[in-house]
Amino acid sequence: MFKFLLMLLCILQPLAWSSETMLPAVKVAMSDDHSIIVERILYEGLKRSGYQMIAQATGMRTAIADVNYGDAAILPTQTDGWDIKYPNLIKIPVPIEHVEFTVYARSEDQYKISQWSDMAGLKVGYRWQNEYVANNVNRTNAAKLVTVNERAELWTSLINFKADVIIMPRISHFEYRIPKGVKRVSIIERHPVYTYVNNRHAHLAPLLENAYKEMVADGTMESIRNAVIQPKDKRIILHINSYDTQNNWELKQMESVRKNLEANMGIDYRSFNLNSYEFNNQANFNTAIINMIRATFIMYQADLIITSGNKALEFVLNNYYLLFPHAHVLFYGVREFKEASLHGLEDYVTGVAETTSLYETASEMLRLYPNTRRIFILSDNIDKTESLDLPVELVFSKGDSFAEILKSIRNFGSETLVLVESYLDPNMQKQIADVSVNPVFCLSTSCMGYGPLGGLVSSTNAQSRIIASMAVNLLDGASPANIPVILDSKNLNQWQFDYRTIKRFNLKANKLPKGHVIINDSLHLWESNPFEFRLMLITTTLLLLIICGLTVFSIRYNRMARTMEQNSKAKTAFLAQMSHEIRTPMNAIIGMSELALRKDKSNIVRNEIVSIKHACANLLSIIKDILDLAKIESGKYEITHKEYEQSEDNHDFTIKFNAPNARILVVDDIETNLKVAEGLLLPYEIHVDTALSGQAAIDAIENCPYDLVFMDHMMPEMDGIEATKIIREHGHKLPIIALTANAVSGTREMFLDNGFDDFLSKPVDISKMNSILEKWIPKEKQEKAKESSSSKRNASEINLQTLKVFYKDGMSRIEKIKQCLETEDYALYTIYVHALKSASANVGAMEISKLAEVLEMAGKNEDIEFIESNTELFLTKLRIYLGHINTSLEEKQEKKPMNTKALVKLKDALTALTPDDINIIDQSVRELQGVAQAEGILQNVLVGNYDDAVAEIDRILQFQMID
């Protein structure tokens, strides 16, 4: 047991925070059209002045208003004289950058433009600094504005006569390559960028002025302007991708690129996903992403930008001037690539264009299904596919709507095959595969695992090796201009087929083309849901450590309590606190497991989740035994004789009734718990409302006839008991069920005495919840469950939504805590940090949770000096965690190359297993954490299956010898 706990301790890696003293923060209002170079200069200037920068990019008008009214402290702008127009602003006279407004025209056109008014009567195209350009052009009262959404369209609008001239503001140290047929007419304005400070922060003005002068003198200003990369231990690669986060195959392709790079050199590899949930619901998608990149990468210049997918390349090209000036860009996974899309950036960008093998795949389809008379092709490139020389009829989608396409495929007979060339989202691909009577073929790795059989698609390993080789050359100093784009990559394609679809259509592997690869033949939980698996693993490990600590504490406490007359009260308080603290995080684990089991999964994944639930049930049993032991020792345990009953397995529980006409209110001050409750109630088809406080529950009940209320016990301002009392005083007789993690002897009776009708403990047992629903929901509103009545809600989606809720709550709590300090309301302060303690633990932010717990204790003890000394540190760490939550999730999935030496050391230590080998095991496990191939080994070590771990090590070492 001691060895096992030592290994648990080395596997658990708590969130590490920098010990560096945090600087006071200053808010900067940026125009979203300003280059990141301006931000980097401001960042360095504030750092030298003893401050850290918090920047938010918005429109210039909003930025000016924010600084003028004091909502932000600093504003950088190329417009001079704001200090005259807005007396609240102070101008720092040292310029930090220059912006030039350059006019371009077609080579054959003879325009003489030296000022804005010279463009009268012309069609003017523009993209950046929109408000400034529009205001100046509109003053002529004659020019027509042509606004474009993409950088490439700006040049195209000129070449195609949609615009007579175009205006491009640029930083003075950056040059575009002008496309053929275009000339530069003039620079109509060249403005220095100045810094303005709100007069409330007047002390910053002389500090920044001196810092800027120092930066000019020592060359720092010029280095930042020219994006000079400073020497560092590792070179930085920023990988921007646009992969579907649910597509494991695409993620493996990205991982393959990184592994090939890491095999060549030591690098700091950062990834950034444009399809992150943080952006999908944003009203202004582009601005949201730009703000995140500004905030995340302000501190350094990447040595290389890698993009994967069309969306990622388009984003980088459109925002190159703003976010990545002078950076080298390497792309792959881009279909239908056209060199013209690089207008002006040919010297900075290269890569591999993905070309499909439509003819080869179609020919193989006819070999496998010789009776085929027709191939229906979903293609974005009709001109290309119409020239195919195949002995069957070709039918093209021709831009039909997806509903029309599905209708057509549903009516096809066995003589028609479907071939997907276009990029479609996973849901569309699954629908097509479900309605087709024959296997669906495709030309993209994005389809693999979503229903289609497969085809001749791009090879992950071959393409990643070429990308890695090009990246090495670029990092070694080569220019993208000297590395031509690979326009035809058909020779990199490989036959790939999906195992599940092969089984569905009873295809024989020996009939497939030679050299084919079969994927998804065994998908484990840690592959299909890596985040959920690691979250459950870390949380379960924490709980084991808590239990061990609880055992030691309980023994020591009992020794002390024998000498205390207050033994009974102290023991009861101790039991209640321990029960609450342990059962609350257990609720999240068991609840998420239950939701995950309701999703359609393979037997392998389902069995693994069931194992997690069983492990959690065993933990609860251990917790109960420890608490009961403590009660026996204190003389407060009542022994009753009861016939032993076998418990039901929750995962086998069948929902026997629905209540679509019933309405339930769930009350809890932590939104994480509300999300879990909503998911558990989803299969019953009940209408569920939620409330975050006792008062909100009272108001809701006054305005709506509920059939049942689940009421949390411990809440700020008004707890569940007080809220229930008021509800009863108002004459409401509806059933109210107490929901609490404080499940000790006498709890049920206490709730019944205070107006509750029943009691449900956390973590929620689905069978017990079912019994309560069946008992208290009116019988006339219950109906027999439909055969198809089961939850289809994705557990991964619920987890991500929970993190999103935590982000929102965390940001609001920061402001509320600051207000409490200003008003010296330390009672309310204590409530807010208490809420952050439990919410942080639910999302795995244990360091923040521990800090919140310490501050909560200080609040209860009225230790004002401690609160005032440590709150800012706590809030700063919370801000960092919230601001980087997306990056943190991606970094959790990053993996390292195999460390063979650590593998051999671990095998020898596990085989000998002497006391001296414990340290070797600890060290080896640390070195192997994050290694993709070692995940199975670490899982076996974690649960004590040492023989299986050794066998897995032998298998990996054998394959490495063959390679």
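Values computed for the structure shown
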| item | result |
| --- | --- |
| Label point distance in nm, A403-V228, each placed 7 Å from Cα along Cα→Cβ | 6.1 |
| Cα principal axis extents for the range 300-372, largest first, Å | 59, 24, 16 |
| Among 475-484, 86-95, 317-326, the order from most to least packed when residues are scored by Cβ within 10 Å on average | 317-326, 86-95, 475-484 |
| Contour minus Cα-Cα distance for Y69 and K768 (0.36 nm per residue) | 246.0 nm |
| Paramagnetic label zone (point 7 Å from Cα along Cα-to-C-beta, N130; backbone N under 19 Å) in the range 51-65 | 56-65 |
| Under Karplus coefficients 6.51, -1.76 and 1.60, residue-wise ³J(HN,Hα) of the range 323-328 in Hz, glycine/proline x | 10, 10, x, 6, 6, 8 |
| Cβ crowding within 10 Å averaged over residues, with 687-695, 848-856 ranked highest first | 848-856, 687-695 |
| 11 Å beta-carbon shell around Y706, net charge (K/R +1, D/E -1) | -2 |
| Heavy-atom surface of the range 659-747, accessible at 1.4 Å and reported per residue (Å²) | 36 |
| Radius ratio Rg over Rh of the range 21-142, counting only Cα atoms, Kirkwood formula for Rh | 1.06 |
| Charge tally in the Cβ shell below 15 Å around N210, where Lys, Arg are +1 and Asp, Glu are -1, N210 excluded | -1 |
| Packing-based order for 109-115, 308-314, 126-132, 181-187, using average beta carbon neighbours within 10 Å, highest first | 308-314, 126-132, 181-187, 109-115 |
| Placed amide H near S271: partners under 5 Å, 5+ positions off or other chain | H239 |
| Label-point separation, E100 to K183 (7 Å along Cα→Cβ), nm | 1.7 |
| Stretchable slack from R190 to V216, in nm (0.36 nm times residue separation minus alpha-carbon distance) | 7.4 nm |
| For the range 328-453, alpha-carbon Rg and Dmax in angstrom | 16.2, 52 |
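The values are calculated or read from the model by the stated rules, or taken from the named source; none is laboratory data. All figures in this text were calculated on a predicted structure; none of them were measured in a lab. All Cβ positions, glycine included, derive from the backbone under ideal geometry; neighbour counts span all protein chains shown. Quick note on the areas: whole protein, heavy atoms, side chains included, nothing else; ligands and nucleic acids left out. Shrake-Rupley method; radii C 1.70, N 1.55, O 1.52, S 1.80 Å.
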